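Colleague: I have a structure I would like to understand better, so I am pasting it below and will then ask my questions one at a time.
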Amino acid sequence: MRHDVFRISYRLPRSVLAALLVFVAVHTVAICNMRGVADPQGYNFNSNKPLPVNSYEDDAQVSLMHALGYYGPTTNTFDVATNFGGPLLHGARPVIWAAAKLGFVQHFEDRSLYVLYPAEMLRIFKIFSFYKLAFLLAIPLGVFWLLRNHVSERAGVLGAWLMVAVPFLTGFELRLKPDGVVFGLTMLSMLYQLAFARDGRARHLYAAAALLAVSFAMKFTMATVVFPFLACLYAGLAGTGRSPFRGPGLALVAKATGLGALVFVL
């Protein structure tokens, strides 16, 4: 017997819109007040940094060098894709290119020139940070929609504001790590996972698999979400009288797995 169709609500009350505004405002202030190049303290003990700065940590440098296109083809693309933000970096390339064409930044052919012109790297860092901020909105939004649809609206509003108030979130995200984006995408995936558990609709399973695949393509930070995913998969199939090992249920599992693998590889 098929579950009743579960309709996901994407409505945003004013309290959540206010949380989003605070989220953006705090990050904007933080980005605009980044110190940039400072004393090169500790630089001699770390040969991985292409620039002697103490405001940008190693992962940020790797992210920026990939976004600027300096690394080119690598012999270890899998590690780059799943540890430093894969799709996030590919999307940053046209953003940086457009910023250079519009005259906001200088894109030098020789990356060592940024040592002589550190202010240019600071501008690139800020542009990348604003670009990433657009995707970081998935954190409060994902938590709100997840709780709003599967617990209550009050829980969703509280969850969104807690995400805005997470200690050190802004400082951590300004290191340009992909973890925050991965967390937001995982919350959105769980929104659809639980929706599939409730009504067994294929579209919910496909959405959950695709979002999880994109997050895994950036980093395996939230890899343990595979376990609730499998639980929701079984619940959705069992609730609609299908088996994951034969017939229509097996076909659906195969399609969702194939979609997830395709999205991850792409």
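Colleague: With each label point set 7 Å from Cα along the Cα-Cβ vector, what nm distance links E153 and V26?
Modeller: Placing both labels 7 Å beyond Cα along the Cβ direction yields 2.4 nm.
Colleague: Gap in Å between the Cα centre of the range 103-165 and the Cα centre of the range 198-266?
Modeller: For the range 198-266 versus the range 103-165, the Cα centre distance is 27 Å.
Colleague: In addition: With a Cα-only, solvent-free Debye model of the range 147-266, what are the log10 I(q)/I(0) values at q = 0.09, 0.10 Å⁻¹?
Modeller: For the requested q values the scattering log ratios are -0.28, -0.35.
Colleague: Using all alpha carbons of the range 98-182, what is the percent of pairwise distances in each 10 Å bin, ordered from the shortest bin to the longest?
Modeller: 16, 34, 25, 15, 9, 1
Colleague: What ranking of T28, T221 comes out by heavy-atom accessible area, probe 1.4 Å, highest first?
Modeller: T221, T28
Colleague: If we sort 240-253, 137-150 on the protection proxy, mean other Cβ atoms within 10 Å, highest first, what's the order?
Modeller: Packing proxy ranking, top to bottom: 137-150, 240-253.
Colleague: For K255, give me every one of the lysines with a C-alpha distance below 24 angstrom, ignoring sequence neighbours fewer than eight places off in its own chain.
Modeller: Leaving aside lysines fewer than 8 places away in the same chain, those within reach of K255 are K219.
Colleague: Taking a ≥ b ≥ c as the square roots of the Cα gyration tensor eigenvalues, with a/c under 1.5 meaning rounded and otherwise prolate when a/b beats b/c, else oblate, which class fits the range 207-266?
Modeller: It comes out oblate by the Cα gyration axes.
Colleague: Counting only protein heavy atoms, what percent of the accessible surface of the range 119-266 is carbon or sulfur at a 1.4 Å probe?
Modeller: Ligands and nucleic acids excluded, carbon and sulfur reach 73 percent.
Colleague: If you filter the range 151-222 for chymotrypsin sites (Phe, Trp or Tyr not before Pro), then keep DSSP loop positions with at most 10 other Cβ within 10 Å, what is left?
Modeller: Those satisfying the criteria are F168.
The values are calculated or read from the model by the stated rules, or taken from the named source; none is laboratory data. As the structure is a prediction and not an experimental result, all values here were calculated from the model. Methodologically, a virtual Cβ is constructed for each residue, glycine included, from the backbone with ideal geometry; neighbour enumeration extends over all protein chains shown. Side chains included, ligands, DNA and RNA excluded: accessible areas come from the protein's heavy atoms. Shrake-Rupley method; radii C 1.70, N 1.55, O 1.52, S 1.80 Å.
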